[in-house]
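For reference, the structure is listed below as structure tokens.
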Amino acid sequence: MTAVAEFAMLAHGWRRILMLVVAGALAGVSAPPIFFLVALFLAMPVLVWALDGAERKRSIRSIVLGPAFRIGLAFGFGYFLVALHWIGAAFFVDGGWLLVVMPFAVAGLALVLAVFWGLGTALAHLFWSSGPGRIFALATALTLAELARGYLFTGFPFDLLGYALTANPEMMQAASLVGIYGLTFVAVLISATPALVWPAAERSLIARILPLFAAFALLATQIGWGNYRLNETQTEPFEDVVLRIVQPVIPQDVKWQTFAREETITRLLDLSAMQTNPDDQGLGDVTHLIWPEAAIPFFLSDEPELLARIARTLPDDIWLLTGAPRQPYGANGEIVPGAKPFNAVLAFNGEGEVVTSYDKTHLVPFGEYLPFGDFWRQFGITQLVEGSEGWAAGAERRLFQLPGSPAILPLVCYEIVFPGSLGAPVSEAGFILVVTNDAWFDGSMGLAQHFHHARVRAVEEGISVVRAANSGISAIVDPLGRIDVMMAEGMVGAIKGTPAQPVAPTLFAQYRHWPLVGMLMLGALLSLLGWRRRHKRRD
């Protein structure tokens, strides 16, 4: 390993870039749903050693965009290329010339996200030292970079490094303390410790391996505490609440076609009422019927006959919660001409009347709205979601307060991936409802990855997550991240179950990112101490 460490430190030019892209790609397999954590322990030391050998420049430009920046950029590019390669599956839905664009779009996204890591390693290198302090500098700076990635320019917090430490329910429980960003700090810190073992230099064996053993001890403590929390935390189901979640698997390339509307509604209604076993009462004992995002693929005013069919099928004492496009209405109750529609969740009562609705507030860039739209349209580039004009963003998050029902926080698809940003009403919710349509990415690991993000949100908030997906994965997840009932991707059918009531407020739910702030301050202090010792030795 000493030879590997020395090679990583001394590599320059294209060899250094290639080495870091490969190391970053290796780190990418630690992300969900693969969770090969060993890969992170193999890859992160390469990043540390490369920064050890990075040239130091004095100009501001060289400090910000110099060797240290390019090292993080290359490593991040490899990571995101592997972890998010599944996004390319969306280009196969429409096919044609989009398939030519696909490799450039996926690589371009990876490169843009890698800029955050490049800035992170540039910041870390400002406080670089030869001892353990540099590990804290890297953990602090990369966590700040991940925070920036999750919040700036509407945010894109997919595959934060901390997800590598959430492979099972036992490991997930740490998210209830510090959230996924806190686990990102820990993931970088512990996976970089092998860089303190090699090269040997003049340090004793004990001094070299002690940090590595500390990292393993921290992992063991995380798992042990998670096991304790799972065993000691009692969950209770809501009384008189039975959910039926329909997974229709409507192909994305026909979903929005006018000719498919009647067939789509027929499938939804048939799956809603079907008996999955001899004891199944269909809709007879159900309180909430849940359909996925845009399950109704038309404006309600356009198809009154189909809406009437839905109303005739619903029992009187049931709520239908479904995704559907919603037209904006003015103060006079008329449709606002020329206004963009909302990607909404609608709540129907047993008479087929829309009682309340929620409009998606956090839209997907290039998917549901087009940043700098006038500029991109010159090149024929629009969003991926059906409809060339895209969607309008809703005003705010709000609860569904339905008679006889727990308070429900509705979210649409992508909104569940934002840790600590589910909206103020989350603390008052009985459970979180996520309707989604991942059919854009059928056949890829994106479906499992998106579902895993939702499970971690349940642990962070201590609240059950109910997920209804067009093509999977539909499930009821309890407040500890455990799966109560699930339907795998690609399966057509319905599942039935009762969500658990929220557990006692978690540390993360109470204090959000404040524990993380403490971790970052400690990391900055320790890195600064290492940096000062290095400069004193030089003097």
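Number of residues in the stretch 179-202 that are of a type in the set (A, V, I, L, M), crowded, with 24+ Cβ neighbours inside 10 Å and at pLDDT 95 or above: the value is 7. The number of residues in the stretch 114-133 being polar (S, T, N, Q) and either assigned to a helix (DSSP H, G or I) or under 29 Å from G443 (Cβ atoms) (or both) comes to 1. For T221, the conditions (1) more than 25 Å from A458 (Cα to Cα); (2) β-branched (V, I, T); (3) open to solvent by 30 Å² or more (accessible area, probe 1.4 Å); (4) free of Cβ contacts under 8 Å to residues at least 60 places away in the same chain are fulfilled apart from (1).
Would you call F451 closer than 22 Å to L81 by Cα, at pLDDT below 95, open to solvent by 10 Å² or more (accessible area, probe 1.4 Å) and not charged (D, E, K, R)? Answer is no for this residue. For the stretch 224-256, name all the residues that are open to solvent by 70 Å² or more (accessible area, probe 1.4 Å) and hydroxyl-bearing (S, T, Y). Hit for the stretch 224-256 is Y228, nothing else.
Quick check, is A424 at pLDDT 95 or above and not acidic (D, E)? No; evaluated as a whole, the condition is false for this residue.
So that you can scan it fast, the table gives a plain yes or no per residue for (1) open to solvent by 10 Å² or more (accessible area, probe 1.4 Å); (2) in a strand (DSSP E or B); (3) over 24 Å from Q247 (Cα atoms); (4) aromatic (F, W, Y):
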| position | (1), (2), (3), (4) |
| --- | --- |
| S427 | yes, no, yes, no |
| R457 | no, no, no, no |
| A475 | no, yes, no, no |
| P479 | no, no, no, no |
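Checking each residue in the stretch 334-353 for being surrounded by fewer than 16 Cβ atoms within 10 Å (Cβ to Cβ) and of a type in the set (V, I, T) picks out I335, V336. What number of residues within the stretch 285-298 satisfy the criterion of being out of contact with any Gly (no Cβ under 8 Å at 6 or more places or on another chain) and open to solvent by less than 50 Å² (accessible area, probe 1.4 Å)? Residues that pass the stated criteria total 6.
The residue list L42, L111, L73, L99 contains one member that is in contact with a Gly (Cβ under 6 Å, 6 or more places away or on another chain) and part of a helix (DSSP H, G or I), which is L73. Pairs linking a residue in the stretch 58-69 that is touching a residue at least 24 places away in the same chain (Cβ under 8 Å) and within 13 Å of G120 (Cβ to Cβ) to a residue that is part of a loop (DSSP other than H, G, I, E, B) and polar (S, T, N, Q), with Cβ atoms under 9 Å and 6 or more positions apart or on different chains, do not occur. Here the helices (runs of 4 or more DSSP H) wholly within the stretch 203-284 that include at least 3 residues being out of contact with any Lys or Arg (no Cβ under 7 Å at 6 or more places or on another chain), small (G, A, S) and at pLDDT 95 or above are 205-232. Restricting attention to the stretch 149-173, the residues that are more than 17 Å from F418 (Cα to Cα) and assigned to a loop (DSSP other than H, G, I, E, B) total 3.
Of all the numbered requirements in (1) crowded, with 20+ Cβ neighbours inside 10 Å; (2) hydrophobic (A, V, I, L, M, F, W, C); (3) within 15 Å of the chain's Cα centre (by Cα), A494 misses one, and that requirement is (3).
In the stretch 283-308, the residues that are on the phi > 0 side of the Ramachandran plot and in contact (Cβ under 8 Å) with a residue 12 or more places away in the chain form Cβ pairs under 6 Å with partners that are open to solvent by 10 Å² or more (accessible area, probe 1.4 Å) and in a loop (DSSP other than H, G, I, E, B), at six or more places apart or across chains, as follows: A294/N437. Restricting the stretch 318-333 to residues that are modelled with pLDDT of 90 or more and either open to solvent by 60 Å² or more (accessible area, probe 1.4 Å) or not polar (S, T, N, Q) (or both), the residue that is nearest to S272 (Cα to Cα) is L320.
The values are calculated or read from the model by the stated rules, or taken from the named source; none is laboratory data. Everything numeric here is computed off the predicted structure, so don't read it as measured data. Cβ: placed from backbone, ideal geometry, glycine included. Neighbour counts: every protein chain shown. These accessible areas exclude ligands, DNA and RNA; they are computed on the full protein's heavy atoms, side chains included. Shrake-Rupley method; radii C 1.70, N 1.55, O 1.52, S 1.80 Å.
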